[in-house]
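Trainee: Sharing a structure here in structure tokens format.
The values are calculated or read from the model by the stated rules, or taken from the named source; none is laboratory data. Small disclaimer: the values here were computed from a predicted structure and weren't measured. Virtual Cβ from ideal backbone geometry, glycine too; neighbours counted across all protein chains shown. The accessibility values were calculated without ligands, DNA or RNA, using every heavy atom of the protein model including side chains. Shrake-Rupley method; radii C 1.70, N 1.55, O 1.52, S 1.80 Å.
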Amino acid sequence: MLVMKFGGSSVSDAERIRRVCDIIINKYKTDKSLFVVVSAFGGITDDLIEITNLAAENNPGYLLLLDRLIERINNIISELAIPQSSTFVQEIEENQDALRNVLFGVALIQEASQKTRDYILSFGERNSAFIISRYLNTVEVSSTYIDARKYIKTDNTFGAAVVQFEQTNKNIESLRSLKSGVNMITGFIGSDMMSDRTTTLGRGGSDYTAAIFAAALNADVLEIWTDVSGVLTSDPRKVKKAYTIPEMTYSE
């Protein structure tokens, strides 16, 4: 069993998504039980944060940025040539309407709690995993969309939730019985064990999501696909002497 994880830069546009799917398809030829964790499309999380901040100030500019974000997602769907079935269109439109509605509420009360922000940020991962899963099905690879909120249970520390491993592991272990196929999982998000509200594991949490699933599934391998060779001491684009940290804990 193999668990793979692809970051936002790997799925930032339709061309890169196709490349990622080619990698997944090649892996699928030799491993018929794949679990793939994906981040939001590159830049989407930052966009959602900016949109939320503007909405909390009741700045009408948030609507323009929101329209651009939705247009970008729709363009990716179009470029991937995903068949526009009624269920697919309905799911995408419901997600977009829900996002628009919660942001309208933020603008009305001019406040965005961390709980609300977690819910808003979850749209990035949910859209990317759902769309990529559907694309794989169009190229004749059986793929199932998995919302990690149903499996990763946390406390109510919104913004940096702490995983409740006893229940989480039990939930994920149930996935071992799934038939062969590519299981496309949302990164970064979970849900509060008590109230079932959406939580996030903190920025960069999609790697953590992949590790949680790999451990609970007793996977043979966890592969993190990214554009840097591990976690570095600083941003290599700004610090030329940045080097890879050989070992570190998630909290670090």
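Trainee: If you place +1 on the Cβ of every Lys and Arg and -1 on the Cβ of every Asp and Glu, how big does the dipole about the Cα centre of segment 1-109 come out, in debye to the nearest 20?
Mentor: 600
Trainee: Same structure again: Work out from phi, with θ = phi - 60° and the Karplus expression 6.51 cos²θ - 1.76 cosθ + 1.60, the ³J(HN,Hα) of each residue of segment 58-63, listed in order in whole Hz, and give x for Gly and Pro.
Mentor: 6, 8, x, x, 5, 5
Trainee: For the charge dipole of segment 5-58, defined by +1 on Lys and Arg C-beta atoms and -1 on Asp and Glu C-beta atoms about the Cα centroid, which residue among 10, 54, 24 has the Cα displaced farthest towards the positive pole?
Mentor: Going by the Cα projections, it comes out as 24.
Trainee: How do 135, 119 rank by accessible surface area computed with a 1.4 Å probe, from largest to smallest?
Mentor: The residues order as 119, 135, largest area first.
Trainee: For residue 37, enumerate residues with amide H under 5 Å from its amide H, sequence gap 5+ or separate chain, H modeled in the peptide plane.
Mentor: For residue 37, whose amide H was placed from the backbone, the distant partners under 5 Å are 4, 5, 6, 185.
Trainee: Using a probe of 1.4 angstrom, how much of the accessible area of the chain is carbon and sulfur, in percent?
Mentor: Carbon and sulfur atoms account for 49 percent of the accessible area of the chain.
Trainee: Based on DSSP H runs of at least 4 residues, each adding -39500 (n - 2.57), what is the mean residue ellipticity at 222 nm of the chain after dividing by all its residues, to the nearest 500 deg cm²/dmol?
Mentor: -15500 deg cm²/dmol
Trainee: Per residue of segment 66-78, what does 6.51 cos²θ - 1.76 cosθ + 1.60 with θ = phi - 60° give for ³J(HN,Hα)? Whole Hz please, x for Gly and Pro, Karplus curve as stated.
Mentor: Per-residue couplings from phi come out as 5, 4, 5, 5, 5, 4, 4, 5, 5, 5, 4, 4, 5 Hz.
Trainee: Quick one: 3J(HN,Hα) in Hz for segment 141-154, Karplus 6.51/-1.76/1.60 with θ = phi - 60°, rounded, Gly and Pro as x.
Mentor: For segment 141-154, the Karplus-derived couplings read 10, 5, 9, 10, 7, 10, 7, 4, 4, 6, 10, 8, 9, 10 Hz, x marking Gly and Pro.
Trainee: Right, something else. With every protein chain left in place, what is the accessible area of residue 39 in Å² (1.4 Å probe, nearest 10)?
Mentor: We get 10 Å² for residue 39.
Trainee: Taking the mean number of other Cβ atoms within 10 Å as a proxy for protection, how do you rank 82-92, 209-219 from highest to lowest?
Mentor: 209-219, 82-92
Trainee: Label residue 241 and residue 167 with points 7 Å out from Cα along Cα→Cβ: what is the distance between them in nm?
Mentor: Simple spin-label model gives 4.8 nm for this pair.
Trainee: How much accessible area per residue does the chain have, counting only protein heavy atoms and a probe of 1.4 Å, in square angstrom?
Mentor: 51
Trainee: For segment 149-252, give the magnitude of the charge dipole about the Cα centre (Cβ charges: +1 Lys/Arg, -1 Asp/Glu; no others), in debye to the nearest 20.
Mentor: Charge dipole, segment 149-252, about its Cα centre: 300 debye, nearest 20.
Trainee: If you don't mind, another one. Around residue 200, which amide H atoms from residues at least 5 apart in sequence, or from another chain, sit under 5 Å from its own amide H, with H modelled in the peptide plane?
Mentor: Result for residue 200 returns 159, 160, 161, 190.
Trainee: Still on this model: For a quick check: with amide H placed at 1.01 Å from N, whose amide H comes under 5 Å from residue 144's, ignoring anything fewer than 5 positions away on the same chain?
Mentor: 182, 183, 184
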